[in-house]
Amino acid sequence: MLKLHKGMFGDAATERVRLQNKAAQVLAAGEPIRLQLGFGRHPMRNFLNLDFRYRVLENMEPADFYDSTFIFDWPKGIPLPNDSVDFIFHEDMYEHLDQKEQYYLLTEALRVLKPGRYHRINAPNLKFIMESYSKFSEGQVGIYDEWDKWHHKAVPTRASLEEQALIVGYSKVHFNGKNKTISGVKFRERRPGNDLHQEHYNLHADLEK
């Protein structure tokens, strides 16, 4: 069986056009457009999977994922029409963006989402992590290094994520838990891993347009 590999993908311009063509096919078929942003090593079925570099383990996933997997600098813009996307999902990606990039992502996701649909964010919860692993009485040396250790830039709390989402125009933020999205979309969340607290280590939020 043929497997997915890096050499299958073209340059950024080619990949953008390929995404636009695939999205048009999905719309023409009357099917929902669902995006997974920053899919890393795990493209998902029934999603259009976007990342800015290829990170799938070579020759580990079936080659038919090529039709729904796209590699280009999507953080600079999602080349899809306004109000065209039914669902957006990403996990353990948001915290790798700086604050400016987070606002770019939120506004671009809001633009392409259909009214009343959801942008699902799954990201580490800075409040829980700091309270659980830091020893603040020791000063700087007691602060748990959530940033350099994991290459994180801006790790959200429940309060900061909700504030950001409402600032850019989402109508409501629904906090729940792992695999408890209210969107009705069926998929499996991987994070947090089984070695971490399943309810509090990550924030799970459905941002409603």
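Each other residue within a Cβ distance under 12 Å of GLN25 adds +1 if Lys or Arg and -1 if Asp or Glu, for a net charge of 0.
Net charge within 11 Å of ILE182 by Cβ-Cβ distance, Lys/Arg positive one each and Asp/Glu negative one each, not counting ILE182 itself? Local net charge: +1.
For the stretch 100-209, the normalised intensity computed at q = 0.16, 0.19, 0.24 Å⁻¹ comes to -0.78, -1.04, -1.39 (log10 of I(q)/I(0), Debye sum over alpha carbons, equal scatterers, no solvent). The GNM of the chain, with springs linking C-alpha atoms under 10 angstrom apart, assigns the highest mean-square fluctuation among GLU101, GLU58, GLU146 to GLU58.
The distance separating the Cα centre of the stretch 61-136 from that of the stretch 151-209 comes to 10 Å.
For the stretch 23-112, the equivalent ellipsoid built from the Cα gyration tensor has semi-axes of 20, 19, 10 Å, listed from largest to smallest. Counting only heavy atoms of the protein chains and using a 1.4 Å probe, ARG53 has close to 120 Å² of accessible surface.
Using only the Cα atoms of the stretch 63-147, each taken as one equal point scatterer with no solvent, compute I(q) by the Debye sum, divide by I(0), and report log10 of the ratio at q = 0.16, 0.17, 0.18, 0.24 Å⁻¹. Listed by q, the Debye log ratios stand at -0.77, -0.83, -0.89, -1.24. In the context of the full protein assembly, SER137 retains an accessible surface of approximately 120 Å², using a probe radius of 1.4 Å and ignoring ligands and nucleic acids.
Which entry in (1) 52; (2) 67; (3) 47 is this structure's computed percent of Cα pairs over 23 Å apart? Answer label, from the structure shown: (3). A 1.4 Å probe, protein heavy atoms only, puts the accessible area of THR181 near 30 Å².
The calculated FRET efficiency for the pair GLN20 and PHE187, based on their C-beta separation and a Förster distance of 25 Å, comes to about 0.60. Each of HIS197, GLY139, LEU105 was scored by the projection of its Cα onto the charge dipole of the chain, and the greatest displacement toward the positive side belongs to LEU105; charges sit on the C-beta of Lys, Arg, Asp and Glu.
A Gaussian network model of the chain, with springs between Cα atoms under 10 Å, assigns the largest mean-square fluctuation among PHE72, PHE39, PHE136 to PHE136. Mean-square fluctuations from a GNM of the chain, with a 10 angstrom spring cutoff on Cα atoms, peak among MET44, MET93, MET130 at MET130.
Summing +1 for each Lys or Arg and -1 for each Asp or Glu among the other residues whose beta-carbon sits under 9 angstrom from that of GLU91 gives +1.
The values are calculated or read from the model by the stated rules, or taken from the named source; none is laboratory data. The shown structure was predicted, so the numbers you read here are calculated from the model rather than taken from an experiment. Reconstructed Cβ throughout: ideal geometry from the backbone, glycine too, with neighbour counts over all protein chains shown. Ligands, DNA and RNA are excluded from the accessible area calculation, which covers all protein heavy atoms including side chains. Shrake-Rupley method; radii C 1.70, N 1.55, O 1.52, S 1.80 Å.
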